[in-house]
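Just so it is clear, none of the values below were taken in a lab; they were calculated from the coordinates. Here the structure is a predicted model, which means the values were calculated and not measured. Ideal geometry is used to build each Cβ from the backbone, glycine not excepted, and the neighbour counts take in all protein chains shown.
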Amino acid sequence: MNYAKIRAAIVFRLYSTSNKYISYCLLPKMFEKLSRLIQKKPFAVVAIIALITIIFGALIPGIEMAPFDVESFTPDDDITAAQFEIMDKFGKMPVSVIILVEKDRESAVSPPALRAQFNFTKQIYEAPAGLSFMKTPSKSGAVPKVEYVENVLSVVSFINSFTQILYGQSLSECNDAQIELVYNSLKTGDFSGLMRSMPPEKLSEFVNSGIDMSEMQTIGAKMRETLKMLVTPDEDATIIIINLDPDITPPILIDISKEIVHIMENSRSESVKFSASGTGIMANEVNELTKDSNKIIAISIFIIIAGILLISFKKFSYVIISLGGLLIAIIWLFGTMALVGLDFNIMYMAFIPLLMGLGVDFSVHLFHNYRSELRKGNDPAQAIVASIRDVGTAMFLATITTAISFLTFLTANIPPIRFFGVLSALGIVYAFIITITLQTGVMYLLDKNRSPDQAFYGKKHKTRKKEGTLFLLDIAMERSAHLVSKHSKKVLCVVGVVTILMVLGAGNISTTFNLEEFFPEGVESIQTLEKIQQEFPFAGMNDQDYILLKGQDLTTPEVMAGIAATLKNAENDKLVLKEDGIPIVKSPLSIANAALSLDKGLTTKLGISTLAISEMDHNELKTLFDHLYANVTYGKDLKTVLHRDDVGNYDAALIRIHSNLMSAGRAGADLAADMKILSEEMNGDLSYYGEEVEGIVTGPHILMHSVTSAMTASQIRSTIICLLISAIVAMIAFRNVILGLITLVPVGLAISWIMGTMYLLGYSLNIMTITVTTLTIGLGIAYAIHVIQRFRLVADRTGDAMEATMEAVKHSGGALFLAGITTIAGFGILVISPMPPMKEFGIILATTIFYSFMSAIYILPILLMYWGEYRKRKNGWIISSQSANKR
């Protein structure tokens with residue numbers, strides 16, 4: 001006896017029976033019981049939904065805006081971990097407001113221009129009357145006039161420090177000749193002219209104030225380099241960098257930035273023009289744009305969907321019920337966000353059109369089936385039961401597959417994308433629950449005492465006068481589908497050719513990630529930032545990337561030799577910024593070399609050899625770096641590239657490498673390609689730093705490249721998983737492998753078409769559009785399920801594939817057309833968003849819905865017809881043998 005075959009037969013029988021029970025018994029009976037409960041206690045259902053809505057609504061004001069920065073979107077990987085370790089050991093990335101000062105008449109550094117800048121800065125921060133290189137600086141400390149300001153870096157800060165010491169006057173009190181003399185001395189690094197111009201008593205006081213005159217040459221060199229960062233070569237522009245507390249929270253950062261901008265606007269001058277940029281200023285503009293556009297988009301969507309529903313159903317009650325249900329689903333979703341402590345970020349702007357576009361589909365299918373039952377002469381109670389029983393199953397399957405498609409975002413290693421997937425899935429489930437309970441309950445309360453005609457047309461109508469718009473659409477859909485079926489082979493050939501061309505185009509789409517893309521053209525802070533990046537490439541941290549070295553002790557010859565090799569490798573890098581062919585790099589090695597070069601007697605003073613640093617032994621290196629770490633001149637700089645632990649060991653070092661990405665004005669796909677090249681170059685620069693020392697490349701541009709790589713991997717992974725799970729669910733639901741795979745055909749076509757369309761439109765995959773493939777599956781599969789479910793019911797009843805196909809299109813076509821139009825309107829309204837990525841997202845999703853509808857109504861029926869005819873020839877029946885026996 002073949003026990004293996006027996007076991008296989010038993011398993012197959014159990015599988016078939018269980019699936020049959022689920023498809024034909026469990027779900028319909030479950031929804032029928034639900035409909036009876038709603039009929040018995042409609043007020044209780046409405047009251048429970050209202051109570052939950054009130055609770056969620058009370059929580060919504062607690063939602064805050066998430067920070068608008070790269071770190072919010074970074075993946076969970078070693079590069080991100082290294083970036084956070086740098087922030088922990090070397091301080092967080094500077095939080096700054098940068099003021100761009102441009103000449104209005106003469107020069108940005110003319111005495112009148114400098115006075116205007118000084119008058120502005122002293123309203124922000126009043127520096128101490130002393131210099132960093134003085135042994136006994138003035139005890140009068142800095143006075144921040146604006147809270148959270150730590151220091152101000154500007155030309156006038158340096159000039160004022162010198163005028164206070166040299167002349168006993170602030171910059172604004174000095175004459176033009178004095179200001180020009182100080183500025184020129186700082187620009188050249190030569191202070192001899194200043195010394196000669198000082199009155200004898202001031203010179204004596206200056207010399208006796210504790211200045212280490214041996215360090216004047218070092219100070220002059222540093223001043224000269226600093227001014228090159230702050231002033232353009234033609235002196236037409238300069239910048240004022242206002243550094244804030246790195247631990248400042250996003251809401252406070254926005255408030256402080258607004259205060260600084262207010263002071264700037266009140267500091268107008270005839271000599272210069274001020275403009276501002278910075279994280280807080282841009283975040284505030286994004287927040288304001290988000291709030292404003294959300295209001296406009298939400299109101300517009302409501303109006304458009306209300307108009308479409310009213311034209312289609314000609315009943316205000318249906319419009320109010322549908323929109324009310326959508327509003328409640330949105331309240332539940334945002335209430336859930338507040339409950340779990342999630343902040344609102346830029347991606348979540350898509351929730352309103354997403355929920356309204358998908359949620360209205362449920363209402364349309366429910367209303368359509370309900371009115372179909374009323375047309376048959378069933379009273380409202382019977383129509384409610386039939387609608388929930390028949391449409392409920394298809395809606396449930398659509399909800400499950402759509403939610404699963406969103407949940408595949410959990411495979412992404414970018415947190416906002418994961419949360420977007422979970423919240424989207426939750427929103428769809430909420431919309432389904434509200435439709436199947438609240439909306440049916442309210443419909444029953446409104447119609448329970450009416451006749452079928454009165455429920456269909458309204459109280460004043462006693463007879464059927466005309467068909468509704470939706471039923472005319474059903475007929476139009478049936479006729480067009482019949483025409484397509486007559487030329488099915490030609491249609492499939494054309495579709496095949498178009499799909500191949502679209503797939504070829506889709507392969508050339510690039511992935512980009514740049515938060516500046518979210519700003520509309522003409523935003524002043526972005527224009528200012530672009531000018532700063534082009535004119536002042538050394539000014540900020542945005543054009544720096546890092547190599548982090550980690551080990552127990554980094555004061556070894558191997559580490560120093562490794563850093564030297566890395567700097568040598570960087571000379572050949574295309575995107576590393578260079579001066580006279582030498583990479584602009586800051587590292588422990590470069591600071592130590594500068595110190596030894598400027599102070600020839602330092603080796604003798606410390607009792608160390610005069611060998612190259614990479615050739616010194618461990619003890620000599622430890623002595624050298626201990627001295628520099630405590631040195632007034634070098635200590636502050638060294639601490640930005642070398643970390644000392646609590647026991648005095650140097651356990652981390654940084655190689656800060658300047659790049660020319662932003663200053664080159666690159667954007668979009670070009671910037672993404674350059675970031676990839678920079679990442680490859682810097683990883684290629686890594687050298688051997690010792691057996692127990694690890695080198696990791698990270699930094700703003702490396703993080704952005706990491707985000708784009710993670711986005712691409714996430715898209716591929718989530719799409720594959722989503723297709724597999726959707727196929728499995730469809731196979732189980734329809735109890736047939738081939739039919740389950742056919743369900744995915746319209747979705748696959750829509751994905752290839754939309755990706756090809758994106759290429760033709762010149763769109764890239766960004767933080768918004770990267771979700772398009774998975775969203776296409778989630779949105780499109782619902783259309784296919786409705787058509788296939790109706791096909792199965794009719795084919796099982798009649799055994800005629802052609803009749804089942806036409807009936808499926810006729811019954812579902814009008815509802816799907818209306819659902820498609822409302823969803824397209826929901827996403828299409830995003831074209832009025834001021835943010836370019838949101839416009840693209842709206843256009844892409846609206847086009848996706850159109851493609852999904854077309855493939856479900858015109859391509860899918862052809863495949864179902866061929867499949868049904870094949871099943872009929874092979875088995876003598878299409879869906880089940882029991883139905884064939886009954887016929």
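A few notes on this one:
- Kirkwood-type hydrodynamic radius, the chain: 31.9 Å, calculated from all non-identical alpha-carbon pairs.
- Region 830-868 versus region 687-757: alpha-carbon centroid distance in Å: 20 Å
- Coupling constants for region 104-121 follow from the phi torsions by the Karplus curve (6.51 cos²θ - 1.76 cosθ + 1.60, θ = phi - 60°), and in residue order they are 10, 10, 8, 9, 6, 10, 5, x, x, 5, 5, 5, 4, 5, 5, 4, 6, 5 Hz; glycine and proline get x.
- Cross-link table Lys92/Lys122; Lys228/Lys568; Lys41/Lys315; Lys89/Lys550; Lys639/Lys676; Lys550/Lys622, entries beyond 18 Å C-alpha to C-alpha: Lys92/Lys122; Lys228/Lys568; Lys41/Lys315; Lys639/Lys676
- Rounded to 10°, Cα long-axis angle of helix 216-230 versus longest principal axis of the chain: 30 degrees
- Nearest 10 degrees, 0 to 90: helix 588-598 Cα axis against the chain principal axis: 20 degrees
- Sorted ascending by nearby beta carbons within 10 Å, beginning with the fewest, Glu535, Glu225 become Glu225, Glu535.
- Projected label distance in nm at Asp78 and His487, using a 7 Å step from Cα toward the beta-carbon: 5.9 nm
- Charge dipole (the chain, unit charges on Cβ, about Cα centre) - positive-most of Ala237, Ser363, Phe791: Phe791
- Estimated from the Cβ-Cβ distance and a Förster radius of 45 angstrom, the FRET efficiency linking Asp292 and Lys872 is about 0.15.
- In region 287-358, the trypsin sites (Lys or Arg not before Pro) that fall in loop regions by DSSP, at most 16 other Cβ within 10 Å: Lys314
- Simple rule: put +1 on each Lys or Arg Cβ and -1 on each Asp or Glu Cβ in the chain, find the dipole, and look at Gln178, Tyr348, Phe56; the Cα lying farthest toward the positive end is Phe56.
- In this simple spin-label model, placing a label point 7 Å from the Cα along the Cα-to-Cβ direction at both Ile252 and Arg36 gives a separation of 6.2 nm.
- The slack between Leu741 and Val831, meaning 0.36 nm per residue of separation minus the straight C-alpha distance, is 29.0 nm.
- Karplus 3J(HN,Hα) series, Hz, for region 379-391 with 6.51 cos²θ - 1.76 cosθ + 1.60 (x for Gly, Pro): 6, x, 4, 5, 5, 5, 4, 5, 5, 5, 5, 7, 7
- Rounded to the nearest 20 debye, the dipole magnitude of the chain is 7540 debye, with +1 charges on Lys and Arg beta carbons, -1 on Asp and Glu beta carbons, and the Cα centre as origin.
- Sorted fewest first by neighbouring Cβ atoms within 10 angstrom, Phe432, Phe43 come out as Phe43, Phe432.
- Förster radius 25 Å - calculated FRET efficiency between Lys574 and Tyr688 (Cβ-Cβ, nearest 0.05): 0.60
- Comparing Thr188, Ile303, Asn119 along the charge dipole axis of the chain, the residue lying farthest to the positive side is Ile303, per the Cβ-charge model.
- The phi torsions of region 791-798, fed into the Karplus equation with coefficients 6.51, -1.76 and 1.60 and a -60° offset, translate into couplings of 4, 4, 4, 6, 5, 5, 7, 9 Hz, rounded to whole numbers, with Gly and Pro shown as x.
- At 1.306 mPa s and 10 °C, Stokes D of region 732-887 from Kirkwood alpha-carbon radius, µm² per second: 96 µm²/s
- Take the Cα of Asp670, step 7 Å toward its Cβ, do the same at Val647, and the gap between the two points is 5.3 nm.
- Helical mean residue ellipticity (222 nm; -39500 (n - 2.57) per DSSP H run of 4+; nearest 500) of the chain: -21000 deg cm²/dmol
- For the chain, the longest principal axis of the C-alpha atoms and the axis of helix 737-761 are separated by about 40°.
- Least to most buried among His627, His262, His365 (fewest other Cβ within 10 Å first): His262, His627, His365
- Part-to-part distance (alpha-carbon centres) for region 564-579 and region 598-647, which is given in Å: 24 Å
- Per-residue extension of 0.36 nm, minus the Cα-Cα distance of Asp190 and Arg717, leaves a gain of 183.6 nm for this segment.
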